[in-house]
Number of protein chains: 2
Amino acid sequence: MTNLPDDPRLALMLLSSMIEPGDAELDDLLDEVDPIEVVKRLWEGDVPDRLRRITSAMVSCTHDPAARAADIASATSACGARVLMPGDPDWPDQLRDLMLVCDANEPHVRPPRCLWVRGEQDLARLCRRSVAIVGSRAATEYGQHLADDLAADLTDAGWTIVSGGAFGIDRAAHLGALARGGSTVSVLACGVELPYPKGNHSMFNLIAEKGLIISEWPPGTTVMKHRFLTRNRVIAALTAGTVVIEAAHRSGARNTGRYAAELGRVLMFTPGPVTSSMSVGVHQLAREPWEARLVTRAEEVIEDLTGIGGPLAAPPPPQRRPFDRLTEIEARLVESLPRGYVVETTRLAAAAGVPTEIAAETLDRLLRTGWVDRIDNRWRLSRGDHS
Amino acid sequence: MTNLPDDPRLALMLLSSMIEPGDAELDDLLDEVDPIEVVKRLWEGDVPDRLRRITSAMVSCTHDPAARAADIASATSACGARVLMPGDPDWPDQLRDLMLVCDANEPHVRPPRCLWVRGEQDLARLCRRSVAIVGSRAATEYGQHLADDLAADLTDAGWTIVSGGAFGIDRAAHLGALARGGSTVSVLACGVELPYPKGNHSMFNLIAEKGLIISEWPPGTTVMKHRFLTRNRVIAALTAGTVVIEAAHRSGARNTGRYAAELGRVLMFTPGPVTSSMSVGVHQLAREPWEARLVTRAEEVIEDLTGIGGPLAAPPPPQRRPFDRLTEIEARLVESLPRGYVVETTRLAAAAGVPTEIAAETLDRLLRTGWVDRIDNRWRLSRGDHS
C-alpha cells in the first residue's frame, strides 16, 4: 500500500517535481481527477503510457510519495518560499490564456498549476500592470543601457518589470527598475531557493526583498535548456507585453516574443545596428508575421501597451534651426540670393518665383530679422551664419 | 507682339524654368492646351491668378520668350544633356503614378513634364528594376557603410540604384553601386550641368559616364530647400521601393519614404542604435501607419521588392554549437549530469524525466559521441568543452 499525500496541494507539489510544467496530458488528467488520485494512479502505473514512461524512473526510486511531498514542502518553507495555485487570492488569472497557445513542437505550453514564490508582494497585483523585458545574456553595453533605461522609465510610470534572472538584458532590466524603487518579478527555470546564475546572487536577494522570485519548479530543481523555453511562456503570459532587447539569431528571447504574440500580448523590440550579431534576432522579429512593434523609448512602449485611448508618445524634441523658421517665401528669397552678390528686387523676385510686391514686403521683413542687407535699394545676403 | 517659341518642347523647357515642377494648376492647363499656347497666355496675363502672380516678375523682365527658350536649349546641349518628355521612348512611365498623390501641404506633386538628362543610358530601361537608397547627408560611418554595402549587393543582383546627389547616404549608395560596375541614377534638385554639392564633383562625373544624372530643372537652376522636397517625389516614383538609411527627426529622406508609401511602392528602412540621432527618423517611419519594412540585407530588400513569388531571403547563417545538435532527450540527460559526479542510469533517468530504457540507449549514444564517460556502469560528464 503506497503512502499518498493527504493534501491536494502537497500532491500537486509532488507532481510538479515529477512531470515538467505545462504538460498537456497531466493537465487533462487534473481536469478530471483530484491531484491525490493522479499521484495514486502514477504509483499504480494506471496513467496514459507516455506519462507512465516519463515518471517510471522516479516512481521506482520513490517508495513513499507522501514523505517526498512533505520533503518538498519543508524545502519550500526552509527557503522562505510559499506555493500559489489557481484559485488563491494572489494567483495571476491571466496565466489561463496559455490555453490559447498550441505548439506542436513544444508540448509544455499549458498554464501553470503551481508556482513557488519568494517575496512578500502580491503576484496578481504586481502583474496587473506589467511588462516583460527580455533579451540576450551576452548583451552588449548598448543593449544593457537600453534595458536599464526602459525599465527605469517604465517603473516611474507605474509598470512592473517582469524578466528572467540571466546576465545581460534580464539583469539590466531588474537593476534599472530596482534603482527607481520598483518591485520586479523574476521568473526562474529552477528552484527559487538557489536562483541561477549564482553571479546574480545579490540581485536575487534584492528582488526577493522588494519584489518576487517565482518558479514552476520545486526547490532543488536545477536549470536545463528546455526549462528556459517552458519558463518563457509564463513571462509572456503574466504581462501585457514583451519588449525584446537584443537577441542573437537563435535566442530564447525570440521564443518569449513568439509566445507573447500568440497570446495576443503586445510584442515589441528595440532595434540596434544591423552589424551587431546581438541585434540579428530582434530584426528578424520585425520581419516575421507577428506584428512586432519597434520601440525606442518607454513612452512608445506605454503607447503600444495601452492602445487606443491610452497616452500617445510625445514626438521627439524637434531640432529646429534658424533657417527652418523661415516661411517658404522667405526661404526662397534667401536661397535665391547668391552669397556675395547684390541683387535688385525684381530680379530676385523672378529668380525666386515670387511676385515683386510680395518679394519687396518679405525682404523688408528679412532685413529687420538680419537675414539680408539693403545696399542702394538692392539686396545682399547678410554675413551671419544661416546654416 | 511677343516672340513665342515655335516648338512645344522648347515651350515646355521655358515653362520648367518659370514654374516649379509638379504644379497642379500648370499641369491642368497643359492637359487642355499646347505648351506654346500656355507661354502665350502667360505673357498676356491670361492665366489663373496664382500662376500669373508666380510668373509676373519673370514675364516682366523677359521680353523675348523664344530667345529665352533657345538659351535654355543651348545651355542644355552645351553641357551634353538632353531633354526627355512623356511619350519619348526612354521616358519612365511609372512617373504617372504621381497622379495618385494628394498632398495639401505640398502643391508640387504632379508628375514631371520634362526631365533634363546627362548620360548615355536609357532612363526607362535603367529604372525598370530599380530601388532608391536615401538618407541623411550627415550620416554616420555606420550608415554610410550600410548604404555602400546594400547598393553593392543590390547592383550585383541586377537592381539599379536611384538616389540624390548629397554627401552621406546618397554618396555612399552611388559609390557602392559604381564600384560593382553598376549604372546609378542621380536625381538632382538643380541643373544637371552643375550638380550640387560641388564636393561630389568626381562622383557626378562618374555617374554621368556610367549612369544618368537627371533633373526637372533647366541648366542654371540652383538648389533651394523646397526643391529637394519636390525632387524627392521623383526618386520615390521612379523606383519599385525606397530604402531609408539613417534619417534625423526632420528629414527629407522621410519625405521620400512617405511618397514611396503613398505611391504604393515598398517603403523600407534599416534600423540603427536608438541612441543615434541619425536613426531617430528611420525608427519613426517604423511607428507610422505606412507599413515600413525593416531590412538589414540586400536579400531582404529584394524579398520585399519582389513580393509573393519572388526569392525569399535566406535565413542568416546559423551559429549552431555542439550542444544545440543534441536531441531533446540527449540534452536533458547531459544537463542532468552534475559536472564531476558519477551517476547511475536510473537516477539519471529520474532526474531527466526520461524512461530508464531510453536513457540507457541514449547514454550509449552519448558515450560514442564523447559527451559522457562510463565508469563501473555509471555515468560522468566527459571533460571536453560542451558549451
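The values are calculated or read from the model by the stated rules, or taken from the named source; none is laboratory data. Bear in mind that the values here come from a model prediction, so they are computed numbers and not experimental data. Virtual Cβ from ideal backbone geometry, glycine too; neighbours counted across all protein chains shown. Surface areas here come from the heavy atoms of the whole protein model, side chains and all, with no ligands, DNA or RNA. Shrake-Rupley method; radii C 1.70, N 1.55, O 1.52, S 1.80 Å.
Odds and ends about this structure:
- In terms of its alpha-carbon gyration tensor, the protein assembly as shown comes out prolate; a/c meets the 1.5 threshold, and the first ratio a/b outweighs b/c.
- Size descriptor for the range B:8-78, Kirkwood hydrodynamic radius: 12.2 Å (Cα pairs only, one decimal).
- Along the axis of the charge dipole computed for chain B (Cβ charges of +1 for Lys and Arg, -1 for Asp and Glu, origin at the Cα centre), the listed residues B:V244, B:L95, B:L26 are led at the positive end by B:V244.
- Cα extents for the range A:322-381 along the principal axes, largest to smallest and rounded to whole angstrom: 27, 21, 18.
- Where chain B is the region considered: accessible area per residue in Å², 1.4 Å probe: 42
- Zone residues, the range A:110-125, relative to A:M99, backbone N less than 17 Å from point 7 Å out along Cα-to-Cβ: A:110-114
- Per-copy distances of the A:E344 label point, shortest first, in nm (7 angstrom along Cα→Cβ): 11.1
- Chain A, closest residue to the rotation axis toward B, by beta-carbon, whole angstrom: A:P271, 2
- Placing unit charges on the Cβ atoms only, positive for Lys and Arg and negative for Asp and Glu, gives chain B a dipole magnitude near 1300 debye about its Cα centre.
- The largest-to-smallest principal axis extents of the Cα set in the range A:103-182 are 35, 30, 20 Å.
- Annotation: average projected area of chain A is 25.5 square nanometres, based on the convex hull of Cα atoms across all directions.
- Helix content alone sets the calculated 222 nm mean residue ellipticity of the protein assembly as shown: runs of n ≥ 4 DSSP H residues at -39500 (n - 2.57) each, divided across all residues, give -13000 deg cm²/dmol.
- Full extension of the chain segment joining A:E291 with A:R128 gains 56.3 nm, where the gain is 0.36 nm per residue of separation less the Cα-Cα distance.
- In degrees, nearest ten, helix A:141-156 long axis to first principal axis of chain A (Cα): 80
- Listed values for the range A:232-249 are Karplus-derived 3J(HN,Hα) couplings in whole Hz (6.51 cos²θ - 1.76 cosθ + 1.60, θ = phi - 60°), namely 4, 5, 6, 4, 5, 6, 5, 10, 6, x, 10, 9, 9, 10, 6, 8, 6, 3, and x replaces Gly and Pro.
- Shown for B:D93: label points 7 Å from Cα along the beta-carbon vector, and their distances to the equivalent points in the other copies, 6.2 nm in ascending order.
- Taking Cα centre as origin and charging only the Cβ of basic (Lys, Arg, +1) and acidic (Asp, Glu, -1) residues, the dipole magnitude of the range A:93-306 rounds to 620 debye.
- When chain B is described by a simple charge dipole with +1 on each Lys and Arg Cβ and -1 on each Asp and Glu Cβ, the residue from B:L126, B:M268, B:F323 located farthest towards its positive end is B:F323.
- Mean Cα-pair separation over length for chain A, i.e. relative contact order, pairs under 8 Å, 6 or more apart, %: 12
- Using every pair of separate Cα atoms, the Kirkwood estimate puts the hydrodynamic radius of the range A:64-127 at 13.7 angstrom.
- The reciprocal of the average 1/r between distinct C-alpha atoms defines the Kirkwood hydrodynamic radius, which for the range B:142-225 equals 12.6 Å.
- GNM top mover of A:H174, A:H249, A:H108 - chain A, alpha-carbon springs below 10 Å: A:H249
- Accessible-area composition of chain B, carbon plus sulfur, in percent [1.4 Å probe]: 50
- Simple Cβ-charge dipole of the range A:8-74, Lys/Arg +1 and Asp/Glu -1, about Cα centre, in debye nearest 20: 300
- Of A:G220, A:G370, A:G135, the one that fluctuates the most in a GNM where chain A has Cα springs shorter than 10 Å: A:G370
- Cα-only Debye scattering, the range B:93-306: base-10 log of I(q)/I(0) at q = 0.07, 0.10 Å⁻¹: -0.17, -0.35
- Difference of contour (0.36 nm per residue) and Cα-Cα distance, A:R365 to A:D156: 70.5 nm
- Distance histogram for the range B:217-301 (every C-alpha pair counted, 10 angstrom bins, percent rounded to whole numbers): 19, 47, 26, 7, 0
- A Gaussian network model of chain A, with springs between Cα atoms under 10 Å, assigns the largest mean-square fluctuation among A:T369, A:T256, A:T55 to A:T369.
- Lysines with Cα under 27 Å of A:K225, excluding same-chain neighbours fewer than 8 positions away: A:K198
- With 0.36 nm allotted per residue and the present C-alpha distance subtracted, the B:V342-B:T327 stretch has 3.2 nm of extension available.
- Cβ-based charge dipole, the protein assembly as shown, positive-most Cα from A:G176, A:L285, B:T76: A:G176
- Label points for A:D34 are taken 7 Å from Cα along Cα→Cβ. From this copy to the others they lie 10.3 nm apart, shortest first.
- Summarising the amide proton neighbourhood of B:V372: residues at separation of 5 or more, or on other chains, whose placed amide H is nearer than 5 Å comprise B:L367, B:S382.
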